[in-house]
Each structure stands twice: as C-alpha cells, then as structure tokens.
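The next block holds one structure in the form of structure tokens; read it before the comments.
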Amino acid sequence: MMSGVLGITDIWTYVLGTVAIIMLPGPNSLFVLSTAARRGVGAGYRAASAVFVGDGVLMILSAAGVASLLQAYPPLFLVIKYAGAAYLGYLGLGMLRGAWQRWRTRHDPATPPPSNADDPAHTPGPFRRALVISLLNPKAILFFVSFFIQFVDPSYAHPALSFLLLGLVAQMISALYLTALIFAGTFLAAQFHQRRRLAAGATTTVGALFLGFSLKLATAAS
C-alpha cells in the first residue's frame, strides 16, 4: 500500500529485510547485551544510544554519496574492515582477561570480584566503545552501501525525505530489538550475581565471539 510513496520503491520488502539483517547476531547487539548484563539497564541504553548515533552517521554518509565512494575504491573499505576487525579482537582479548580473573577467584568468597579493568563491557565509557564498534562494523556499512540505498527512487524530487523515512524505520526496528536485549541482559545479570564461575563462563563466551567476529572480518573475501 505504501509502495512508491515518498520516493521509496518497496517499503515492505525494506522493512522485512531490515528486520532480518538487524536480528542477525553481530558485534553491536552482542556488546549491548553484554554491557546490560554486566552494568545494568542504564549502561545498556548508553551503549544502544551509541549504536543509534553510529547508524545515523552511516545513513547520512550513505545518502551523501559515500556509499558510491566505497564501491568505487575497494581499498578504502578494506581499511575500514581491518580496523574494525582489530578493534573487535582487542575487545575480545580484554573480555577473556577479565574472565580469567574471575575464574581464578571463583572458589574464594572472601576475595572481592575483580576490578574488570580488562573487560571492555565493564570499563567506563560504554557509549564511546559502542560508537567505535558501530562505525567500524562492516555489517552495518554493507547494509547502508548495498541494501539501504536500493529502496530510494532516483527520479524522486526529494530523495533526502526518502532516506529520512528509511532511516527512521531502521532506527525504530533497532530500538525495539536492542531494548529486548537490554532487558534480557539484566535477567542474565541476576543470574551472574555472586556466581563467579557462571559470570566467567559467560564473559569467556562473549570474548570468544568477539574474537570470532574479528577473524571472520579479517579473512572474509571483499
């Protein structure tokens, strides 16, 4: 019914595709979930707000023609891809160090929990870290380069309005999904409280996943 309205060629295909892409496991959603689990709802929403800002920046760049620049100069995308892979690897290693600290003290209730200085999900600045992840996330970049722009009618007189509507739809879907993850994270936090073995195992899993994302990005064909 809304197909062709405001310069959008097929709104429902876009909505369904966006839902599928956003719900695919990725570093953005995993970081928001782990941050909420470690630090609570407030920190989870700070991380989520950074994802919204990062996606907004990528949307604006896509609408401004940077998508065409990345397609025309593949080495530029490779630089972004490897920078993202390196940062995810750094986060993963930090989480594994934090998990090892918890595991070493799991049998000693008199020992206070580790400071988590090496755990990126627990250090100050979840907004800053999530923003870097979002801006260097090849999954998000490819979404805006190869999927997002396909639904704008190039003959429409006001393409900025089309991009704005598509961006609002993507942000609403992302907000609903990340909210669900944040409250799932707070449930996990209740399970982790005073259970160092469980917390160490969960942090190890998340750290390993970040390392997996890093290796996958670094080795994937462009």
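The values are calculated or read from the model by the stated rules, or taken from the named source; none is laboratory data. Please read all numbers here as calculations on a predicted model, not as lab measurements. Heads up, the Cβs are rebuilt from the backbone with ideal geometry, glycines too, and the neighbour counts pull from every protein chain shown. Keep in mind that these areas ignore ligands, DNA and RNA; they rest on the heavy atoms of the full protein, side chains included. Shrake-Rupley method; radii C 1.70, N 1.55, O 1.52, S 1.80 Å.
A compact table of results
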| item | result |
| --- | --- |
| Matching option when the condition is open to solvent by less than 40 Å² (accessible area, probe 1.4 Å) and part of a helix (DSSP H, G or I), among VAL51, VAL57 | VAL51 |
| Test for ALA130: is it modelled with pLDDT under 65 and crowded, with 19+ Cβ neighbours inside 10 Å | no |
| Only listed residue being surrounded by fewer than 18 Cβ atoms within 10 Å (Cβ to Cβ), touching a helix residue (DSSP H, G or I) at 6+ places or on another chain (Cβ under 8 Å) and farther than 18 Å from ILE173 by Cβ, chosen from GLY40, GLY7 | GLY40 |
| Of residues in the range 148-181 being aromatic (Phe, Trp, Tyr) and under 30 Å from LEU30 (Cβ atoms), the one surrounded by the most Cβ atoms within 10 Å (Cβ to Cβ) | PHE148 |
